[in-house]
2 protein chains.
Amino acid sequence: MTAPVSKISDKVPEPTLRRLPWYLSCAKLMKNQGETNVSSTQISRQINIDASQVAKDLSYVAVSGRTRVGYDIDCLISVLEDFLGFTNMHKAFLFGVGSLGAALLQDTGLSHFGLEIVGAFDIDPDKVGTVISGIPVYHTEEFPKIMKQSDVNIGILTVPISIAQMITDYMVDGGIKAVWNFTPFRIRVPEDIVVQNTSLYAHLAVMFNRLNEELIRQ
Amino acid sequence: MTAPVSKISDKVPEPTLRRLPWYLSCAKLMKNQGETNVSSTQISRQINIDASQVAKDLSYVAVSGRTRVGYDIDCLISVLEDFLGFTNMHKAFLFGVGSLGAALLQDTGLSHFGLEIVGAFDIDPDKVGTVISGIPVYHTEEFPKIMKQSDVNIGILTVPISIAQMITDYMVDGGIKAVWNFTPFRIRVPEDIVVQNTSLYAHLAVMFNRLNEELIRQ
C-alpha cells in the first residue's frame with residue numbers, strides 16, 4: 001500500500017536532481033538484498049545524507065512514505081526512474097567521433113538511463129560512413145538534412161575546443177534543444193537551450209588538487 | 001614580461017577549480033587564433049563570466065596580469081596547466097571493465113590532462129588477461145599484490161552499484177588515496193580519502209528535466 005503518486009510541475013532544485021539518482025541506486029541495491037520497504041532513515045544511513053534532506057528531496061517526486069513502514073520499494077524505484085527520465089528514451093546525436101566521442105558511442109549503459117544515440121557526425125573521411133556499436137557516422141554537412149527527418153532534441157558535444165562554439169551554433173540552428181557538453185569549453189547558447197556541462201577534465205583538476213592537499217598533509 | 005609566478009597553498013574553492021579549465025581552454029583557443037596576450041575582460045566576454053570573477057579566480061594561481069596588456073598567453077596557459085595538475089602524470093587503476101570502464105580505457109584524451117590508467121581489474125574470465133588500448137586487465141584478486149609494486153594513488157570506479165562500496169573498501173585497504181566514482185552510488189570513505197563523483201546518469205537526469213521544462217514552455 002502506497003500513497004497516490006503524481007508528478008509535481010514545480011521546478012526541482014538542481015542539488016535535489018543530483019541527489020535523486022543516489023536514492024534510486026540505493027533503493028535498487030536494497031531491493032536486490034530482498035527488502036520490500038525502505039524508509040528515508042535507511043536511505044540516509046546507507047548514503048550518509050541527513051534523513052530530513054532525503055524526505056524533502058523525495059517529496060518533490062510526490063511519493064509519500066508511511067510512518068514506520070517507509071516507501072514501497074518497487075513503487076519508489078519506478079517513480080524515481082520515471083521522474084528522472086530514465087524510462088523514456090531520449091534520442092541524441094553525437095558530434096565529434098574522437099577518442100571520447102567513440103568511447104561514448106560504445107557505452108551501452110547510457111541507454112539504460114534513457115539516452116539513445118541514433119547517429120554521430122564527424123568530418124574525418126576515415127570515420128564518415130562507418131558504424132560504431134550500431135550507430136552510423138555521417139558527415140557533419142549532412143546534419144541539417146538528417147535532423148529534419150528525425151525527432152532528436154539532444155546533441156552531445158565531443159569535438160575539439162577550437163570548434164566547440166561553431167558546432168554548438170550549428171546544432172542549435174538545426175533544431176537541437178539540449179547540448180550535453182563534454183568539452184572543457186564554456187559554450188554560449190540562446191536562453192531557451194539547455195546546456196549540461198560534463199567536463200571530465202574539470203573533475204580531474206578538482207580531484208588532483210584535493211589529492212595533493214591530502215598527500216601534503218600526511 | 002610577466003609578473004613572478006608562484007603556487008598558493010591556500011585551499012582553492014571548488015567553484016574556482018571548476019572554472020579554471022574554462023579559462024585554460026579559452027586561452028588555448030585565443031593562442032591558436034594568434035593572440036599573444038589576453039585580459040580577464042577578454043576571457044570574460046568569450047565565456048560570459050563576470051570579469052571580476054575571472055580576475056579573482058586567476059589570483060588563486062598567483063598569475064598577475066598587467067593593466068591594459070593582460071596576461072602573457074603562453075605563461076597563463078602553462079601556469080594553469082601546471083596548477084590544475086595536467087602537466088604531472090597521475091597514475092590510476094580502473095575497476096570494472098564493463099561498457100563505461102572499457103570506454104574510459106580507450107579515451108586517450110585523459111592522458112593529455114594528466115591521468116594515465118596503468119592497469120584495470122575485473123573478475124570476468126573473458127576480460128582478465130586481455131589488453132585494452134595498451135592497458136592490461138588483471139583479476140581483481142591480484143590488486144593488493146600489484147598495488148604494492150606500483151606508485152598509484154587513484155582508483156577509477158566503474159563497477160555495478162551492487163559492489164561499488166565493497167570495491168571502494170578494497171581499493172582503500174590496498175592504499176588508494178583518491179576514488180573517481182563514475183557509479184550513481186554514493187560511496188562512503190574514510191575522511192582522508194578524496195572522492196570525485198562523476199555520475200553521467202545524474203547529469204542526464206538534470207538535462208532531461210530541464211529539457212522537459214523547456215519543451216513544455218514552448
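Neighbouring Cβ atoms from other chains, within 10 Å of the Cβ of residues in A:12-19, number 3 on average. Legend: translational diffusion of the protein assembly as shown by Stokes-Einstein, Rh = Kirkwood radius over C-alpha pairs, 25 °C, 0.890 mPa s; D = 106 µm²/s.
Evaluated at 25 °C with a viscosity of 0.890 mPa s, what Stokes-Einstein diffusion coefficient in µm²/s does region B:105-211 have when Rh comes from the Kirkwood expression over alpha-carbon pairs? Translational diffusion coefficient: 164 µm²/s.
Solvent-accessible surface of the protein assembly as shown, taken per residue with a 1.4 Å probe and all protein chains present: 45 Å². Inter-chain Cβ neighbour count for B:99-107, averaged per residue, equals 6 (cutoff 10 Å, partner chain atoms only). Take each residue in A:182-192, count the other chain C-beta atoms within 10 Å of its C-beta, and the mean is 4. Annotation for region B:143-218 versus region A:194-214: alpha-carbon center distance of 13 Å.
Run the accessible area of the protein assembly as shown with a 1.4 Å probe and give the carbon-and-sulfur part as a rounded percent.
Numbers: 9790 of 19630 Å².
Result for the protein assembly as shown: 50 percent of the exposed heavy-atom area is carbon or sulfur.
Modelled spin labels at B:K148 and A:D126, positioned 7 Å past Cα toward Cβ, are 4.3 nm from each other. Helical content of chain A, expressed as a calculated mean residue ellipticity at 222 nm, amounts to -13000 deg cm²/dmol (DSSP H runs of 4 or more residues, -39,500 (n - 2.57) each, divided by residue number, nearest 500).
Given a cut-off of 22 Å, what percent of all Cα-Cα pairs of region A:30-180 lie beyond it? Kindly include the intermediate steps, with their values, before the conclusion.
Values: 5946 of 11325 pairs.
Tail of P(r) above 22 Å: 53 percent of Cα pairs.
Relative protection proxy for B:89-102, B:140-153, B:13-26, A:39-52, from highest mean packing down: B:89-102, B:13-26, A:39-52, B:140-153 (other beta-carbon atoms within 10 angstrom). For B:M89, the label point sits 7 Å beyond Cα toward Cβ; its separations from the matching points on the remaining copies run 4.2 nm, from shortest to longest.
Placing a label point 7 Å from the Cα of A:T36 along the Cα-to-Cβ direction, the residues of region A:74-90 with a backbone N closer than 14 Å are A:74-75.
Summed over both chains, the accessible area lost when A and B associate is about 6600 Å², using a 1.4 Å probe.
May I ask you to derive the relative contact order of region B:14-84, considering only C-alpha pairs under 8 Å and at least 6 residues apart, and to give it as an integer percent?
Numbers: 68 pairs, mean separation 29.4, N = 71.
Contact order relative to length: 41 percent.
The angle between the Cα long axis of helix B:200-217 and the longest principal axis of the Cα atoms of chain B comes to about 60 degrees, rounded to the nearest 10. For A:R45, inter-copy separations between label points set 7 Å beyond Cα along the Cβ vector come to 5.9 nm, shortest first.
Comparing B:V131, B:V79, B:V69 in a Gaussian network model of chain B, where Cα atoms under 10 Å apart are tied by springs, the biggest mean-square fluctuation is seen for B:V69.
Compared with the dominant Cα axis of chain A, that is its longest principal axis, helix A:14-32 is turned about 70°. Dimensions of region A:14-84 from C-alpha coordinates, computed as largest minus smallest value along each principal axis and given longest first, are 31, 23, 20 Å. When chain B is turned onto chain A, its residue with the beta carbon nearest the axis, and that distance in whole angstrom, is B:A103, 2.
Nearest 10 degrees is fine. How inclined is helix A:51-60 to the longest principal axis of chain A, computing both from alpha carbons? Rounded to the nearest ten degrees, it is 60.
The values are calculated or read from the model by the stated rules, or taken from the named source; none is laboratory data. Here the structure is a predicted model, which means the values were calculated and not measured. We place every Cβ from the backbone using ideal geometry, glycine too, and count neighbours over all the protein chains shown. The area values use the complete protein model at the heavy-atom level, side chains included, leaving out ligands, DNA and RNA. Shrake-Rupley method; radii C 1.70, N 1.55, O 1.52, S 1.80 Å.
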